[in-house]
Every structure is written in structure tokens, then in C-alpha cells.
Amino acid sequence: MRKVRVLVVDDSALMRQLLSQLLRSDPEIEVVGTATDPSAARAKIQALAPDVLTLDVEMPKEDGISFLGHLMQTQPMPVVMVSSLTQRGCETTLRALELGAVDFVTKPKLDMERGTLQLGAELIEKVKAAARSRVRRRAVRPPAAFERAPSPPSAMTLRTTQKVIAIGASTGGTEAIRAVLTALPPNAPPIVIVQHMPPVFTSHFARRLDGLCRVRVKEASDGDVLLDGHVLIAPGGEAHLEVVRSGANYSVRLVKAPPVGHHRPSVDVMFHSCARAVGPNAVGAILTGMGADGARGLLAMRRAGAKTLAEDESTCVVFGMPREAIACGAAEHVVPLDRMAGTLLRAAQEATSGRRADERDEAGQAFAPGRLG
């Protein structure tokens with residue numbers, strides 16, 4: 001099996017050495033070279049033809065974001081950003097994902113020994129996923145804070161009240177979530193989201209989306225009530241998010257428990273809670289991501305009568321989580337990303353308390369895959 005060829009780009013000699021050493025520890029990865037800045041990286045990309053680039057967020061001589069934007073326009077390739085847990089680092093990393101970077105890893109700060117072990121495992125996993133990802137040529141768009149979504153068609157207006165939409169995503173999910181949320185009307189049903197991200201990043205991600213969308217977006221806090229037109233994003237790395245019944249309403253509970261399937265928050269945990277608390281009034285969707293988190297939880301939702309969707313392979317950056325959901329029979333509908341928002345809204349309109357996904361409609365026709373899309 002051919003090794004994944006990686007070019008490491010970082011202005012720190014220590015970081016170049018560390019990243020190279022971590023990557024070389026995996027027999028399926030070959031570090032073909034390193035570069036100190038974007039100018040050197042350009043020459044080595046041409047000479048070495050790497051499969052994946054690891055790219056520092058901030059570098060001298062030329063801004064790494066400008067370099068990434070130009071690269072994704074002229075020579076699209078899988079890029080994994082190497083970021084720091086700072087406010088500027090978070091904002092720059094999110095901009096990099098908008099421009100086409102597949103994923104990112106965070107540099108260890110305090111506990112270097114433990115942090116290096118975690119970084120190594122995460123870096124290797126994400127570089128391998130990036131090598132399998134679909135990378136498309138990107139036009140450089142204005143920064144997200146200045147974008148505005150178009151007005152929704154009148155057909156998207158909803159009058160539902162007791163419905164909940166739950167969305168899970170991982171690699172490539174930040175842009176997929178942005179595409180879904182910016183297409184929703186301001187009175188969309190309540191939405192809860194688990195996106196695999198480290199601490200700090202989810203709060204920046206939520207604020208960024210809140211400036212883009214007609215729905216309100218915030219990082220979830222324990223006890224937040226689910227309201228129409230509001231989106232709650234699970235805090236990264238801190239706790240699992242569960243949906244619970246609170247009188248006549250639904251709210252979220254943040255549970256500080258060990259990771260499930262190496263993830264905290266876990267999509268599976270959120271989906272299982274929706275199956276228990278919301279049942280047939282819920283809609284679940286798995287978007288792009290590596291691994292299998294969410295497949296079993298989505299199956300539980302479907303068995304509880306919820307409508308369930310998975311993103312189609314044709315639009316996934318990494319077709320891992322959706323593939324697992326489809327394979328185990330959890331996904332009732334398989335939908336490309338550009339149709340996901342409309343399908344979620346129609347699914348919420350059709351969701352009726354007491355009607356299970358395997359029941360027949362008034363005309364005696366079974367619910368068939370693709371019916372909502």
C-alpha cells in the first residue's frame with residue numbers, strides 16, 4: 001500500500017522536527033520534506049508532489065491564510081492546519097477551513113509530554129483522513145463576518161413548535177454546517193449540533209455562524225431551552241450534550257463524563273438522548289466526518305420514529321460517519337449537502353408524534369428512502 005506523502009510547513013524548527021517525528025512514527029506515512037514559509041513551500045510542492053500539507057496558521061514573510069487561499073484556487077490539495085489555542089489562532093483557523101483546509105490540530109501548550117502524545121495520534125489520524133478527502137477548487141470569498149445569506153423562499157416558512165433537529169459532523173463539518181444553517185429561515189425548528197472540535201474553538205465557531213445566519217447561534221450552556229430559530233452547538237472537549245424534556249419544552253444538559261468512542265462531545269450521546277426524549281418529533285442528520293460516531297445513535301432515533309438523514313458521498317469531504325450510518329440502516333434518506341437544509345425542514349414538517357418511520361402513510365405507501373429529498 002502506497003504511503004501518504006506529507007510536506008510539513010512551519011516557521012519553527014522545533015515544530016518542524018516534532019511534527020516530522022510524530023508523522024514518521026506511523027509506517028503508512030512518509031514525510032517527504034519540510035518548509036519554513038509559504039515561499040519555500042511552493043517550490044517543494046512542485047518538486048515533491050506531496051499528498052497532504054500540514055500548514056502553520058501564522059508565519060512570517062507571507063500570511064499563511066493568503067497562501068492557502070491562493071493554493072486552493074490554483075492547485076487544490078489536502079491541507080491540515082496546525083493551530084494554537086488562542087483567540088487569534090481560533091479565528092484564523094476557522095478562516096482556513098472556509099478557504100478549503102480539510103481539518104486542523106492544535107499545538108500542545110502546558111503539558112508538552114502528554115500533549116505531544118495526543119497531538120501525534122490526532123495528527124496521524126487527520127493526515128490519513130485528509131489524504132482520502134475530496135478537495136475542490138475554492139474561490140476566495142470575503143471573510144464570513146461580512147457575508148449575508150439570501151432571503152428564504154416562502155415555502156420554507158415553518159409553523160412547527162415541538163420539533164427538534166439534531167446534527168452531527170466531524171472532518172469538513174464546519175463548512176457543511178455553515179452551508180446548512182445559512183439556508184434556514186429565522187423561524188426554523190430548534191437545532192442542536194455536535195461538531196468535533198477542541199475547547200475554545202466552538203465558541204468562536206458559534207459566534208462566526210451567528211453573524212452569518214438568520215437563526216441565532218450560540219455555544220450551548222447547561223439548561224439552555226430549545227427555541228424556534230435558535231441553534232445550540234455543544235462546547236468542544238468539555239462535556240457531552242444531551243437533549244432532555246423540560247415540562248412542555250426541551251432543553252439541553254451538559255454531562256461531564258468520559259469520552260465515548262474517543263469523542264467528547266459525542267454525536268452518539270446526543271442522538272441517543274434525542275431518541276429517548278424527543279422520539280418521533282425529532283430529525284437527525286449526520287454530515288461529513290471520519291469514523292463512526294453517530295451511526296448507532298441515529299439508528300436509535302430512527303427506531304424511535306424520528307426522520308433520519310445522512311449526507312451523500314458526492315458532497316462529503318470525508319465519507320466516514322455518513323457511510324457507517326447508511327451501512328447500519330440508520331439513515332432513512334441520503335441527501336447531498338445542497339439539499340440538506342430543505343430536506344431537514346420538510347422532515348420537521350412531516351414529523352408527527354406517534355408516527356414511526358416504518359409505519360405507512362394515509363395512502364398506504366411505506367416511507368421510502370429519498371421521499372423527502
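Checking the conditions here, which among Pro27, Pro38 is closer than 27 Å to His196 by Cβ and over 23 Å from the mean Cα position of the chain (by Cα)?
Pro27
The residue list Ala179, Ala149, Ala183 contains one member that is surrounded by fewer than 18 Cβ atoms within 10 Å (Cβ to Cβ), aliphatic (A, V, I, L, M) and at pLDDT 95 or above, which is Ala179.
Between Ser273, Ser221, Ser203, the distinction of being surrounded by fewer than 23 Cβ atoms within 10 Å (Cβ to Cβ), among the hydroxyl-bearing types (Ser, Thr, Tyr) and over 22 Å from Glu175 (Cβ atoms) belongs to Ser221 only.
Residues that are more than 19 Å from Val79 (Cβ to Cβ) and of a type in the set (A, V, I, L, M) within segment 9-34 comprise Ala13, Leu14, listed in sequence order. On the given criteria, is Arg95 under 24 Å from Thr288 (Cβ atoms) and out of contact with any strand residue (DSSP E or B) (no Cβ under 9 Å at 6 or more places or on another chain)? Answer is yes for this residue. Please determine, by comparing only the residues of segment 224-248 that are hydrophobic (A, V, I, L, M, F, W, C) and surrounded by fewer than 21 Cβ atoms within 10 Å (Cβ to Cβ), which one is farthest from Pro190 (Cα to Cα). Per the criteria, the residue is Ala239.
With the condition being more than 26 Å from Ala331 (Cα to Cα), I'd like the strands (runs of 3 or more DSSP E) fully within segment 178-288 carrying at least 1 qualifying residues. Here the list reads 216-219, 240-246, 249-255. Taking the criterion of being modelled with pLDDT under 95, basic (Lys, Arg) and surrounded by 12 or more Cβ atoms within 10 Å (Cβ to Cβ), the residues of segment 322-373 that qualify are Arg355, Arg356, Arg371.
Restricting Gly297, Gly305 to residues that are modelled with pLDDT of 95 or more, surrounded by 17 or more Cβ atoms within 10 Å (Cβ to Cβ), touching a helix residue (DSSP H, G or I) at 6+ places or on another chain (Cβ under 8 Å) and within 16 Å of Val194 (Cα to Cα) narrows the list to Gly297.
The values are calculated or read from the model by the stated rules, or taken from the named source; none is laboratory data. Just so you know, these numbers come straight off a predicted model, no measurement behind them. Note: ideal-geometry Cβ built from the backbone for every residue, glycine included; neighbour counts use all protein chains shown.
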